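Report on the following structure.
The values are calculated or read from the model by the stated rules, or taken from the named source; none is laboratory data. Computed from a predicted model, the values in this text were never measured in an experiment. Here Cβ is always computed from backbone atoms with ideal geometry, including for glycine, and neighbour counts include all displayed protein chains. Accessible surface is based on the protein model in full, side chains and every heavy atom, while ligands, DNA and RNA are left aside. Shrake-Rupley method; radii C 1.70, N 1.55, O 1.52, S 1.80 Å.
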Amino acid sequence: MLRPSHIPLLLSRRLSTKQLTLLLSLLAGVGAAIAAQILKFLIHEIEYLLTSQFDVRHANWLFLVYPVVGILLTSLFIRYVVRDDIGHGVTKILYALSRKGGQIRSHNCWSSVIASALTIGCGGSVGAESPIVLTGSAIGSHLGRMFKLDHKMLMLLIGCGASGAVAGIFKAPIAGLMFTLEVLMVDLTMASLLPLLVSCLTATCITYALNGTAPMFSFTLTDPFVVNRVPSAVLLGVCCGFVSLYFTRVMNAFEQMFGRIGHAAGRLALGGVVLALLIYFFPPLYGEGYTTISTLLSAGTSGADATAVLNNSLFYGHSDLLLLYLGLIILAKVFATTATNGGGGCGGTFAPSLFLGCITGFVFSRLWNGFLPHMTPVPETNYALLGMAGLMSGVFHAPLTGVFLIAELTGGYQLFLPLMIVSASAYLTIHTFEPHSIYAMRLARKGELLTHHKDRSVLTLMSLDAIIDKERPLLSPNMYLGTIVQKVSKSKSLHFAVVSEENALLGVINLNDIRLIIFRSELYKMYKASQLMQQPAVTLRTDDSMQAIMEKFQHCDRGTLPVLSPDDRFVGFVSRTRLYAAYRQVLKDFSEE
């Protein structure tokens, strides 16, 4: 009788590796698309249940309550049900790719969906896309482990799950592919291209079948791009780059503030208070903010009015303060987003980036038309759309993702040229000040980030612990030469550590240095280890990056170096020969198709 547990073994025997990879990439796309639909449905239903009866003419005090309740419920769910950290979804994927061999815990296949639905539905000022990307990647990782695929195939399936998630939630197959290449930094080869495309197309088709083929946002191009608007497009891109830099730097600083609060209740209190107050004064910060995006993209068409963003706020009816209101939202959004996650909520920065970009583009166009009347006027809806691409490119350091995502989100394919201009300008601006994206900067500082630079990626994939020799006998400082000879006689090594009772490194004995006396038995009682040892010129540390370890070996003429722990206890030795052999093996595995 065929059991479900036998299916992976049966398929592995019947299918080639390429056929199995394509099948699993299709399954990853299906799983990511279904998870995206479930999450979107839950968020919409919770938000509708809580806010559908609000009077748009007045501020509502429930905006002070709902976000705090959402963060609290999410915190309790994560602490008592999941019992694991599920925040910073894309950062967790990058860490899994570089440090955990593609291993993502199975609960991420569902836990992020529930947690982010509670957070965002109740008003958390974050996006659902990063949790879905983590969910899709976890599905891909789980499928790879079920079929016992090797490390390289497991990484590819994680990319398939992530690209399927982006393609499914946005109905944007090309953007899903670009996201995996630019943000997750999976190398594009002929072996990886087809599985990624299969996952993206599968997820998009499922979303089409469930929700129709219409773009996510309604956009009508009434004023085509002309070459006279190139200067304004470049300037918009620069502005988006600086807003992206502000968003990235402030989020990082505010996250560190939350990190210094040791107790979960303190983080919840700070996050809840900041988020509730900001949403009360600026209701567009509630949830993903896609309603605001739709309003600004349709302003001036179909009778839509941009002042609808003032609904439910203290600014209602003061249309003359619209630009001031939107400017304050640009400044406040990063605090609302960070407070949501820092306080215990679950969500990502996709939606906040699109939200900020749309407002930035709209405000830029109003200011351009108002203060530069002699220049070629710019259409507000077009520039709101272009701003979305600019912020996406700047925050994520992914200009191609920004271009294709916005074109597919809105159907604005006729604006490809200005989309590319704004995206490139934004990326070049922020890259001048911040070399890594908001997702990657945490790992880059620790040397744990995979990049498209093959040598650096190989070093990131290497593990120091795997090449440390911990089997050599340890020597004490009062040990006589005769005892030393007896202890090291069965070892093939030349270097041995002299350590204290607390395992602190006191020195190193190199047998080549004592070769003249080591065979003279009459000296065995005359010399102690403390007299024969030498201080190492260079030491390695277990918290050193592999890049730093390589540099230490290159800058000294030693073939073997001792390794210390962060508290300066001796761990073992690393030899240059073993290090380079491990490097060559990882490089070979990394380069093989």
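Of everything in the range 523-535, what is open to solvent by 40 Å² or more (accessible area, probe 1.4 Å) and not hydroxyl-bearing (Ser, Thr, Tyr)? Give them in sequence order. Correct list: 525, 526, 528, 531, 533, 534, 535.
Residues in the range 197-219 that are surrounded by 14 or more Cβ atoms within 10 Å (Cβ to Cβ), of a type in the set (Ser, Thr, Tyr) and either touching a Lys or Arg at 6+ places or on another chain (Cβ under 9 Å) or not in a helix (DSSP H, G or I) (or both): 204, 207, 208, 218. Within the range 316-331, no residue satisfies the criterion of being over 24 Å from residue 218 (Cβ atoms) and surrounded by 21 or more Cβ atoms within 10 Å (Cβ to Cβ).
Whether any residue in the range 367-374 is surrounded by fewer than 24 Cβ atoms within 10 Å (Cβ to Cβ) and of a type in the set (Gly, Ala, Ser) is what I want to check. Looking for residues that are surrounded by fewer than 24 Cβ atoms within 10 Å (Cβ to Cβ) and of a type in the set (Gly, Ala, Ser), one finds at least one in the range 367-374, hence yes. Of all residues in the range 27-53, those that are more than 15 Å from residue 158 (Cα to Cα) have Cβ atoms under 9 Å from Cβ atoms of residues that are among the charged types (D, E, K, R) and part of a helix (DSSP H, G or I), 6 or more apart or on another chain, in 36/129. Looking only at residues of the range 159-179 that are open to solvent by 10 Å² or more (accessible area, probe 1.4 Å) and touching a residue at least 40 places away in the same chain (Cβ under 8 Å), we find that the one that is farthest from residue 218 (Cα to Cα) is 178.
Of the residues making up the range 123-158, those that are open to solvent by 10 Å² or more (accessible area, probe 1.4 Å) and part of a loop (DSSP other than H, G, I, E, B) number 4. Going through (1) more than 26 Å from residue 467 (Cβ to Cβ); (2) surrounded by fewer than 18 Cβ atoms within 10 Å (Cβ to Cβ); (3) β-branched (Val, Ile, Thr) one by one, residue 538 falls short only on (1). Among the residues of the range 514-533, those that are closer than 19 Å to residue 570 by Cβ and part of a helix (DSSP H, G or I) comprise 529, 530, 532.
Return a yes/no flag: does the range 256-269 have any residue that is open to solvent by less than 60 Å² (accessible area, probe 1.4 Å), of a type outside the set (A, V, I, L, M) and closer than 20 Å to residue 124 by Cβ. Within the range 256-269, one or more residues are open to solvent by less than 60 Å² (accessible area, probe 1.4 Å), of a type outside the set (A, V, I, L, M) and closer than 20 Å to residue 124 by Cβ.
When 271, 287, 262, 266 are checked against the criterion of being in a loop (DSSP other than H, G, I, E, B) and at negative phi, 262 stands alone in meeting it. The residue that is nearest to residue 266 (Cα to Cα), among those in the range 77-88 that are open to solvent by less than 80 Å² (accessible area, probe 1.4 Å) and aliphatic (A, V, I, L, M), is 78.
Against the list (1) part of a helix (DSSP H, G or I); (2) buried (at least 24 other Cβ atoms within 10 Å of the Cβ); (3) not aromatic (Phe, Trp, Tyr), the condition residue 334 fails is (2). Residues in the range 436-474 that are surrounded by fewer than 14 Cβ atoms within 10 Å (Cβ to Cβ) and at pLDDT below 80: 445, 446, 452, 453, 454, 455, 463, 465, 466.
Taking first residues from the range 520-538 that are over 16 Å from residue 476 (Cβ atoms) and partners that are assigned to a loop (DSSP other than H, G, I, E, B) and open to solvent by less than 70 Å² (accessible area, probe 1.4 Å), the Cβ contacts under 8 Å between residues at least 6 apart in sequence or on separate chains come to 537/556; 538/556. Please tell me if residue 116 is at pLDDT below 90, closer than 21 Å to residue 133 by Cα and of a type in the set (Ser, Thr, Tyr). So residue 116 fails the test.
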